[in-house]
1. Please work out which residue is surrounded by the most Cβ atoms within 10 Å (Cβ to Cβ), limiting yourself to the range 121-135 and to residues that are modelled with pLDDT of 95 or more and touching a strand residue (DSSP E or B) at 6+ places or on another chain (Cβ under 6 Å).
2. As an exercise: evaluate P107 against (1) more than 21 Å from R137 (Cα to Cα); (2) crowded, with 17+ Cβ neighbours inside 10 Å; (3) at pLDDT below 95 and give the number of the one condition it does not meet.
3. Any idea how many residues of the range 24-73 are aromatic (F, W, Y) and in a helix (DSSP H, G or I)?
4. Scanning for something in contact with a Leu (Cβ under 9 Å, 6 or more places away or on another chain), modelled with pLDDT of 95 or more and farther than 17 Å from V63 by Cβ, does the range 19-31 turn up at least one residue?
5. Going by the structure shown, is V90 under 19 Å from D146 (Cα atoms) and not in a strand (DSSP E or B)?
6. With I104, I119, I138, I112 as the choices, which residue is in a loop (DSSP other than H, G, I, E, B) and under 15 Å from E66 (Cβ atoms)?
7. Name the residues in the range 59-87 that are under 17 Å from A145 (Cβ atoms) and surrounded by 14 or more Cβ atoms within 10 Å (Cβ to Cβ), would you?
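The values are calculated or read from the model by the stated rules, or taken from the named source; none is laboratory data. Since we're looking at a predicted model, the values are computed, not measured. FYI the Cβ positions are ideal-geometry reconstructions off the backbone, even for glycines, and counts take in every protein chain you see.
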Amino acid sequence: MDLAGQDEGRQPLEGRTLSVSATFEGSEKIAVARDMACEFLMSLQAEHGLSVSQRAMDTVQLVVSELVTNARKYAPGACQLTLEVRGGAVEVTVWDSDMTLPSIPAPDPARIGQHGLEIVKAVCRSFEAHREPGGKRIRAAVVLADGPGDDAAGHQVM
């Protein structure tokens, strides 16, 4: 696991980017990716004083689990997971070697399985997928702190 942008002691962000990334070859358990996300979020609190709600902690781990699982299931070879703090959210990005963009079927409560990306889109502030040379990159952003009128995805409820 490659930690980028992490400093010793408690340091405010002030224009700096904090991120962590790891390449998964396929033999690791998905729990390793979830643990990496949890450790990163806890370091944001302890070392940088950022507010990270329990909802954000749980949601980021869910998103990491779903995106890494899909990459390992549908793409040959390694995948790369990157977590980055940006604009009050953590961006979860997964790159894999399959250029086919994911399709998200219409919601269907009778369908068994294949609800992962549907759930990810529902709980994240944003979701995007892009083809790149040699593969694709999927990015989802999860708001770190809950506001008084926020819904489950961190959106303001009017």
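1. C124
2. For P107, the exception is condition (2).
3. Within the range 24-73, residues that are aromatic (F, W, Y) and in a helix (DSSP H, G or I) number 1.
4. Taking every residue of the range 19-31 in turn, at least one turns out to be in contact with a Leu (Cβ under 9 Å, 6 or more places away or on another chain), modelled with pLDDT of 95 or more and farther than 17 Å from V63 by Cβ.
5. No; evaluated as a whole, the condition is false for this residue.
6. I104
7. Correct list: T59, V60, Q61, V63, L83, E84, V85.
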